[in-house]
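Below is one structure, written out as C-alpha cells; comments come after it.
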Amino acid sequence: MGADRHAGQTYDRIAGHFSQTREYPWPEIESFLEGRSGAVGLDLGCGNGRHAEVLAAHADRVVGVDASTGLLAEAADRATERGFAVDLVAGDAGSIPLRADAVDLAVYVATLHHLRPRTRRLASLNELGRTLAPGGRALVSAWSTAHDRFVDEETDGSGLDTEIDWTLPGGDTVGRFYHVYDPREFEADLRASELALLEWELSSGNCYAVVGPGE
C-alpha cells in the first residue's frame with residue numbers, strides 16, 4: 001500500500017505486523033470484481049496481496065505493484081502459501097511499470113491517500129488511466145472525512161493532511177501520512193484526471209469510484 005518512497009519506507013518498517021491485520025479482502029472489492037474478467041489485472045498498491053488473490057480469479061495474469069519491498073515479500077509468501085499467481089513489482093503509483101492500454105481490470109485501493117502533494121495524486125490517477133485498455137475498469141478508493149474518526153474535523157472541502165500512527169508490538173509507533181479526502185474533492189480529482197468517472201459512492205468511511213480510461 002505504500003505509494004511513494006516515503007510511504008514505502010514506512011510500510012517496510014511495519015510490513016510483518018501490518019500484514020497480520022490484513023487477512024481478508026474488502027467486500028467492496030469482491031463486489032466490484034463480481035461478473036468481471038480480463039487478460040491482465042493490476043493491483044496498484046497491492047500490500048500483502050489479499051486483493052491480488054481475489055483478482056487472480058478474474059484475470060489471466062495479475063500484476064501487483066507496491067513501493068514497499070517488505071509488503072511485496074509478504075505478498076510473495078501469501079501467493080506461495082495459497083497457490084495463486086501474481087507478478088510482483090516494486091514501483092511507484094505515479095509511474096506504473098506497464099505499457100499503455102495493458103490492463104483490463106484494476107484495483108487501486110487504500111493507496112491514493114498516501115501520496116503527497118495533490119499533483120502526485122493526480123499523476124497517479126492519470127497513470128492508471130494510461131494503463132487501462134479500452135473498455136477496462138478500475139476501482140479506486142481513499143479514506144474520507146465521512147469516516148467516524150474525522151467527524152469532528154473541520155475542512156473547507158479540500159480534505160485534510162494528517163499523520164496516523166501504527167503501533168507495533170512492544171509499543172513503538174510509526175507515523176503514516178494520509179490525505180483524507182473530502183468526498184467532493186475525491187469526485188473533483190477524478191474528474192480532473194485522465195480517467196472517466198463512471199460511478200462513485202461512500203462506504204464504511206471510504207470513497208469508492210468505478211473508472212474507465214478517459215477519451
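Measuring from centroid to centroid over Cα atoms, what is the spacing of segment 157-215 and segment 60-86 in Å?
Cα centroid to Cα centroid, the span is 23 Å.
So, in nm, how far is label Thr119 from label Asp87 when the simple model puts each one 7 Å beyond its Cα toward the Cβ?
Modelled inter-label distance: 3.1 nm.
Where the only charges are on Cβ atoms (+1 Lys, Arg; -1 Asp, Glu), what is the dipole of segment 5-213 about its Cα centre, to the nearest 20 debye?
560 debye
Equivalent ellipsoid semi-axes for segment 5-213, as square roots of 5 times the alpha carbon gyration tensor eigenvalues: give them largest first, rounded to whole Å.
Computed over segment 5-213, the values are 24, 22, 15 Å.
Can you give the relative contact order of segment 5-213 as a percent, counting alpha carbon pairs under 8 Å and 6+ residues apart?
For segment 5-213, the relative contact order is 19 percent.
Go through segment 101-115 residue by residue and turn each phi into a ³J(HN,Hα) via Karplus (6.51, -1.76, 1.60, θ = phi - 60°); whole Hz please, and just put x for glycine and proline.
Karplus-based 3J(HN,Hα) across segment 101-115 equals 6, 8, 10, 8, 8, 9, 10, 9, 10, 6, 10, 3, 6, 8, 8 Hz.
With an 8 Å cut-off on Cα pairs and a minimum separation of 6 or more residues, tell me the relative contact order of segment 125-215 in percent.
Dividing the mean separation by the residue count of segment 125-215 yields 41 percent.
Among DSSP beta bridges lying fully in segment 5-213, give the percent that are antiparallel, nearest 5.
Around 55 percent of the beta bridges assigned by DSSP in segment 5-213 are antiparallel ones.
Can you list residues from other chains, or at least 5 along the same chain, whose modelled amide H is less than 5 Å from the amide H of Ala133?
Result for Ala133 returns Ala102, Val103, Asp104.
Among rounded, prolate and oblate, which fits segment 41-91 when a ≥ b ≥ c are the square roots of the eigenvalues of its C-alpha gyration tensor, a/c under 1.5 means rounded, and a/b larger than b/c means prolate?
oblate
Bear in mind that the values in this text are calculations on the coordinates, not laboratory data. No experiment lies behind these values; they were computed from the predicted model shown. Cβ: placed from backbone, ideal geometry, glycine included. Neighbour counts: every protein chain shown.
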